[in-house]
Each structure stands twice: as C-alpha cells, then as structure tokens.
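Worksheet: the structure to be examined is printed underneath.
The values are calculated or read from the model by the stated rules, or taken from the named source; none is laboratory data. On a predicted model such as this, the values are computed, not experimentally measured, just so you know. No Cβ is skipped: glycine too gets one built from the backbone with ideal geometry, and neighbour counts run over all protein chains shown. When the accessible area is computed, the model is the full protein with side chains, heavy atoms only, and any ligands, DNA or RNA have been set aside. Shrake-Rupley method; radii C 1.70, N 1.55, O 1.52, S 1.80 Å.
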Amino acid sequence: GAGVSQSPSNKVTEKGKDVELRCDPISGHTALYWYRQSLGQGLEFLIYFQGNSAPDKSGLPSDRFSAERTGGSVSTLTIQRTQQEDSAVYLCASSPELYSDTQYFGPGTRLTVL
Amino acid sequence: AQSVTQLDSQVPVFEEAPVELRCNYSSSVSVYLFWYVQYPNQGLQLLLKYLSGSTLVKGINGFEAEFNKSQTSFHLRKPSVHISDTAEYFCAAINTDKLIFGTGTRLQVFP
C-alpha cells in the first residue's frame, strides 16, 4: 500500500505570504503527526491528531501556525504571514493508533521563505 | 527536561569498518526507543525499535542496538558499513504519544 504522502515537495514563498502544506496519511491510520526539521532546531514536534481532533498543540511555535484534519484522513498545516525563520522541512507521520509505537514518515515539504 | 542526546554530530568511517553511533536518553522519558535513518532528500525510515524484552535489538540493513538501562543508553552499531549507509541517523524516544528526537548523527562512509 501507499505510504505517507506530502505536497508540495518544495515550496518557495515570500515573507508575509500564507502557505498550506498537505499530508495524506497511510489509509486506516487514525493518528497523524506534524514535525519540523530545521538547521537550528533539529527535529521538533508540532502537533498531532487523533481522528479529527488535536489534543496537543503544544509544539506549534506561534499563533501563525494552525493545522486541521478533516474526515480523519488528510491534514493541512497552515502558516500565516510566513517569516524567514519558518524555513524548514515539514514532516508528516502517521500511525495506526495514537499510542502505536511506530510512526511512518512522509518525504517532507521543504519550505523556503525569502 | 525530557531529552535524547546524540553525542556525535558527525562520524566519519571507512567502508567495511565497524561503527557505533551513541545515544543517551533522560530517565524521564519512556523507554520506548527508536533509531531512524534519513537518506539525502528523503524522509525518515525506521531502522529498529526497543519496546521491551531482549535488550539487543536487530534492525534493517544489518544494524543493531543495545538498550542499557543502567547507562540510559541505546547505541546503534553495525559491524561492517557500506558506502550506502551514508546518511543522517536519529535516535528518538516516545514521550506519551510524540517522538522526542536527538539532534542527529551524520554517518559518512568513505571508500
């Protein structure tokens, strides 16, 4: 079966613009996670979903970041008024259940804010 | 604070030599431990995991890791590396339901 997919693979935007990043998890996986990988911060957790709800938003770096998941499947991470420090690779992962041990990662979206 | 520490940011090694990538975790995180590998321009791939049971865990591509509770370590080893093992390696631990990652170790294998 297909793995986790993310789109776009690369996104270049101007400072101040809004961007949307998409994640399509493995079919049947109820848990979905967003991580960010940047040079200065390494890999850091952003947010996770169990079904359509997001009980833990503690990792979102600012109120410019938001995420939603509809239909228990596809998730969108939105960054408003992008800043240069938002430049990073945004990784999505999914797992069969929230407390499953293994998370399966997508290839990531490389975001560059000019 | 809960943390996972990878002591070496880079490890250069010649092909066919053994390698050990070090990982230590804080005792406050769960002892569900993982090693992920990231090849250039690719996502993360699970190498192996420790949940319970035998402290020696074997993974893909000939890698293995040993969980050592007394030393709070989970070092990754391979007896003989290949050029194709050149990648970034991340140690991680489950904290409730999210992964806490180490800063990564870049393994560079030279011919």
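Loop-only check: which chymotrypsin sites (Phe, Trp or Tyr not before Pro) in the range A:41-114 are DSSP coil with at most 15 other Cβ within 10 angstrom? Write out the running numbers ahead of the final one.
Details: sites: A:Phe45, A:Tyr48, A:Phe49, A:Phe65, A:Tyr90, A:Tyr99, A:Tyr104, A:Phe105; in loops: A:Tyr99.
Filter output for the range A:41-114: A:Tyr99.
Please compute the contact order of chain B in relative form: average sequence separation of alpha-carbon pairs under 8 Å and at least six residues apart, divided by the residue count, as a percent. Write down the numbers at each step before the final one.
Details: 282 pairs, mean separation 41.4, N = 111.
After rounding, I find 37 percent.
Total Å² of accessible surface buried at the B-A contact, 1.4 Å probe, nearest 100?
On the way: alone 5990 and 6140 Å², together 10680 Å².
Looking at B and A, the buried total is near 1500 Å².
Could you check how much of the accessible area of the protein assembly as shown is carbon and sulfur, as a whole percent, using a 1.4 Å probe? Before the final figure, lay out the partial values.
Working: 5090 of 10680 Å².
Of all accessible area on the protein assembly as shown, carbon and sulfur atoms account for 48 percent.
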Name the longest site-free stretch of chain B, where the excluded sites are GluC sites (Glu not before Pro) in a DSSP loop with no more than 14 other beta-carbon atoms within 10 Å.
B:17-111
Gaussian network model of chain A, springs between alpha carbon atoms under 10 Å - residue of A:Ser73, A:Ser53, A:Ser95 with greatest fluctuation
A:Ser53
What span do the alpha-carbon atoms of chain B cover on each of the three principal axes, reported in whole Å from largest to smallest?
40, 28, 21
Put a dot 7 Å past each Cα toward the Cβ at A:Ser9 and A:Thr112; how far apart are the dots in nm?
1.5
What whole-number distance in Å separates the alpha-carbon centres of the range B:44-61 and the range A:67-103?
25
In Å, what Rg and Dmax follow from the Cα atoms of the protein assembly as shown?
17.6, 52
Can you figure out the FRET efficiency of B:Asp8 with A:Ala2, using R₀ = 45 Å and their beta-carbon distance, to the nearest 0.05?
0.80
Using a probe radius of 1.4 Å on heavy atoms only, what accessible surface per residue do you get for chain B? Whole Å² is fine.
47
Restricting to DSSP loop positions (anything but H, G, I, E, B) with no more than 13 other Cβ atoms inside 10 Å of their own Cβ, which GluC sites (Glu not before Pro) remain in the range A:10-114?
A:Glu14, A:Glu97
